[in-house]
Amino acid sequence: MGKNNILTQSTVLAMVLTAAIMVKEVTSLTICQIDINDMQKCRPAVTGINPPPPVSECCVVVRSANLECFCRFKFYLPILGIDPSKVAALVAKCGVIAIPPSCRVLASRSLKNGA
């Protein structure tokens, strides 16, 4: 029953994030210490074939995020059009050195892909 509850919560979070990205601006909703409106500052750096480097405002968001919390939802990133390996590269480009255990799969994929 515990796994179903976590799956349900994760699914709901993915739906909220998807809706938030589709809506131009949402009144403040914070997930893992990140305001979802601030997530948009990083979207160009984690989407597309050859994304641009993150802007400084994006790195401020990344460094203030609770990455351990955020990485629990890494399997839902493709639903949002976000490549998980690009997220790992983004975190590194923003100078985050301590990678939480829940994010290590992202980091290892990024290294294998040469990101």
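The values are calculated or read from the model by the stated rules, or taken from the named source; none is laboratory data. All of these numbers come straight from a predicted model, not from anything done at the bench. Every residue, glycine among them, receives a Cβ derived from its backbone with ideal geometry; neighbour counts consider all protein chains shown. With ligands, DNA and RNA removed, areas are computed over all heavy atoms of the protein, side chains included. Shrake-Rupley method; radii C 1.70, N 1.55, O 1.52, S 1.80 Å.
Considering only residues that are at pLDDT 85 or above and outside any helix (DSSP H, G or I), which ones fall in segment 87-104? Passing the criteria: C94, G95, V96.
Restricting attention to segment 56-82, the residues that are open to solvent by less than 70 Å² (accessible area, probe 1.4 Å) and either closer than 20 Å to P101 by Cα or of a type in the set (A, V, I, L, M) (or both) total 15. Across segment 22-48, the number of residues qualifying as at pLDDT below 80 and either on the phi > 0 side of the Ramachandran plot or part of a loop (DSSP other than H, G, I, E, B) (or both) comes to 7.
As a summary of the residue check, P51 satisfies the conditions (1) modelled with pLDDT of 85 or more; (2) on the phi < 0 side of the Ramachandran plot; (3) surrounded by fewer than 17 Cβ atoms within 10 Å (Cβ to Cβ) except for the one numbered (3). Consider A92 carefully, then state whether it is surrounded by fewer than 20 Cβ atoms within 10 Å (Cβ to Cβ) and within 13 Å of C103 (Cβ to Cβ). So A92 passes the test.
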